[in-house]
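As structure tokens, the structure follows; a few thoughts come after it.
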Amino acid sequence: MQLKHDLTSRELVQKVLQHKVSDYLPKGELCINEDVIQQSLGAEKVGFPEKLAFVQGMGLDIYSLSPQYSFKPEKLPARETYRWPDLKEWTVNTSIFIFGVLDGAFEWGMRLLGPQKFCSQLRSRLMVEALIAQVEKLNFYMIDKLAGEGVNGLILADDIAYQQGLFAHPKVFREFFIPSLARQVERILKLGLPVFYHSDGNYSSVLDDIIKTGITGLQCLEKTAGMQIEEIQSKVDVCLWGHLDTDDLEAAANDAALLQELIKSARELAQGKKFILGTTSGLYAGMEIEALRSIYANV
């Protein structure tokens, strides 16, 4: 995707992450459901050409690539089962900034055991340390692989919170999961790649700890969960990405004044700041895409 001033999307994102002022605001999503692409394009199937056409049509500068894999109950997937669809096509044949998405240890624990069982076992140091060691071994391998395959950055996704706060006591995260995050961040930064941290919900009680790991940015700031982007932006010097709420997009679809307010707010958030425009949720079937398309086109 070529922009004015001879900047590609990849160069634009890199420029913003380096805290250099740009006339253009990069846009991206954590995930894009294939149903959205199919409905938008009227396509019978969704492959790489359709994904690329949708990304370009929306004016996105970032594409986030998540793996496909298979695993058995209560057991991490073998790295041999991981597939990264169209990885080479994205990194070699486009100038879009490509993020690889990897799940963290807390996310894996919740997925493998279920939220209730996993949280009830957090008192077991042996269980937690064993899980973290396995996830780090898998992720270190994937980090090196993705860097070698040409991705431009990594997202470490670890949903540690719900709307009212963390799923466990902050000391659990400070003792186990944030040090694990820090080790993975260090590995990624040594490879010369930016790294974003993603979590839904309100993780403000450990926000400072997460920032201290050295992350490049935060992805997903839910105002409905108390993660007010303006307040966070005034306190931290990392890139903030993903603050548009689906309820606001629904309302803006029928309210021109609100739509203009969302556009104005995005422009203000980007003034001299490390900021990427996107939603908190990613794009999924049934959400208001046209209002989002209008915001993207007008910032």
Scanning region 66-99 for residues that are among the aliphatic types (A, V, I, L, M) and either in contact with a Ser or Thr (Cβ under 9 Å, 6 or more places away or on another chain) or farther than 23 Å from residue 132 by Cα (or both) gives 78, 87, 92, 96, 98
Picking from 172, 206, 185, 236, which residue would you name as being in contact (Cβ under 8 Å) with a residue 24 or more places away in the chain and assigned to a loop (DSSP other than H, G, I, E, B)? 236
Has region 34-55 got any residue that is within 20 Å of residue 279 (Cβ to Cβ), surrounded by fewer than 19 Cβ atoms within 10 Å (Cβ to Cβ) and of a type in the set (D, E, K, R)? yes
Let me confirm something: among 107, 129, which residue is acidic (Asp, Glu) and more than 18 Å from the chain's Cα centre (by Cα)? 129
In this structure, is residue 182 under 21 Å from residue 99 (Cα atoms), among the aliphatic types (A, V, I, L, M), out of contact with any strand residue (DSSP E or B) (no Cβ under 6 Å at 6 or more places or on another chain) and modelled with pLDDT under 95? no
Within region 268-277, is there a residue that is in contact with a Lys or Arg (Cβ under 7 Å, 6 or more places away or on another chain) and in a loop (DSSP other than H, G, I, E, B)? no
Residue that is farthest from the chain's Cα centre (by Cα), among those in region 144-186 that are surrounded by 18 or more Cβ atoms within 10 Å (Cβ to Cβ), more than 20 Å from residue 242 (Cα to Cα) and not hydrophobic (A, V, I, L, M, F, W, C): 180
Tell me, please, whether a residue that is over 19 Å from residue 115 (Cβ atoms) and touching a Phe, Trp or Tyr at 6+ places or on another chain (Cβ under 8 Å) can be found in region 157-180. no
Name the single residue, out of those in region 19-68 being outside any helix (DSSP H, G or I) and of a type in the set (D, E, K, R), that is nearest to the chain's Cα centre (by Cα). 29
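The values are calculated or read from the model by the stated rules, or taken from the named source; none is laboratory data. Only a predicted model underlies this, so the values are computations on that prediction, with no experimental measurement involved. Virtual Cβ from ideal backbone geometry, glycine too; neighbours counted across all protein chains shown.
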